[in-house]
Amino acid sequence: MSRRSSATRFPRLPGAPAPLTASIVRPVLFSDVDPMGIVWFGRYPLFLECGGGMLSRETGLSYEALNDAGLFAPIARLEIEYLRPIRLGEEITVIASMIWTGSAKITIEYDLTGSDGNLRARAATTQLFMDAATGQPHWVAPPLIEAINEKWRNGGFACLQNEMM
């Protein structure tokens, strides 16, 4: 099966810092699969959550940090492209790459690869920020995001940057 999509889901802005990337390896469990032993399509968001959660902790956007800043960051968009099946007993590597926007949202691209190195799925999420107390959206980046963007622009996340992603 050939790749059906490009490697990127979100445009790269000219002069923007390189994406921030983290990965995690997760075994495929019995509870992840359907009767055919293939990962059920509805389980993929859990895999994404594992990778995105790791990336969020590494960048200072953990649930605790968002809560302390009075923010929610709900998923506004989720895309998954299923390329090859993932089977019971495999280990999946979830690579999550946060793409620079400079605005009041988080965009993350995901690659899921099997232990054989083959790409199994591609995905992307967009999260928007809301005030936790009022439920109102933030149309400009809140202070926590401005601080993270500043650190990102100034090379403070160099250990998470990989030009290849």
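Between residue 141 and residues 5 or more places away or on another chain, which pairs have amide H atoms under 5 Å apart, with H built 1.01 Å from N, and which residues are they?
104
Which ³J(HN,Hα) values, rounded to whole Hz and listed in residue order, are derived for the range 17-34 from phi using the Karplus coefficients 6.51, -1.76 and 1.60 in 6.51 cos²θ - 1.76 cosθ + 1.60 with θ = phi - 60°, glycine and proline given as x?
x, 4, x, 9, 10, 9, 9, 8, 9, 9, x, 8, 9, 4, 6, 8, 10, 8
Please name which of 143, 119, 95 has its Cα lying farthest along the dipole of the range 49-165 towards the positive end, using unit charges on Cβ (Lys, Arg +1; Asp, Glu -1) and the Cα centre as origin.
119
When a footprinting reagent is the concern and you count Cβ atoms within 10 Å, what order do 100, 40, 152 take, fewest first?
40, 100, 152
Any chance you could check the Cα centroid distance between the range 44-89 and the range 114-132 for me, in angstrom?
For the range 44-89 versus the range 114-132, the Cα centre distance is 7 Å.
Ignoring everything except DSSP H segments at least 4 long, calculate the 222 nm mean residue ellipticity for the chain; use -39,500 (n - 2.57) per segment, divide by total residues, nearest 500.
-6000 deg cm²/dmol
Can you list residues from other chains, or at least 5 along the same chain, whose modelled amide H is less than 5 Å from the amide H of residue 83?
121, 122
Rounded to whole Hz and in sequence order, give me ³J(HN,Hα) for the range 52-62 from the Karplus expression 6.51 cos²θ - 1.76 cosθ + 1.60, θ = phi - 60°, writing x for Gly and Pro.
x, x, 4, 4, 4, 5, 5, 9, x, 10, 5
Of the DSSP beta bridges with both residues in the range 76-165, give the percent that are antiparallel, rounding to the nearest 5.
Of those bridges, close to 100 percent are antiparallel.
Show me, for the range 139-146, the HN-Hα J-couplings you get by feeding each phi into the Karplus relation (A = 6.51, B = -1.76, C = 1.60, θ = phi - 60°), rounded to Hz, glycine and proline as x.
Result, ordered by residue: 8, 10, 4, x, x, 4, 6, 4 Hz.
With springs only between Cα atoms under 10 Å, which of 88, 119, 48 fluctuates most in a Gaussian network model of the chain?
Of 88, 119, 48, the most mobile in the Gaussian network model is 88.
In percent, what relative contact order does the chain have, based on Cα pairs under 8 Å that are 6 or more apart in sequence?
Here the relative contact order equals 29 percent.
Pick from 95, 108, 24 the residue whose mean-square fluctuation is largest in a GNM of the chain, springs joining Cα atoms under 10 Å.
Fluctuation is largest for 24.
Bear in mind these aren't lab numbers, they're just calculated from the coordinates by the rules spelled out. Remember, it's a predicted structure, so these values are computed and weren't measured experimentally. Using ideal geometry, Cβ is built from the backbone for each residue, glycine included, and neighbour counts are taken over all protein chains shown.
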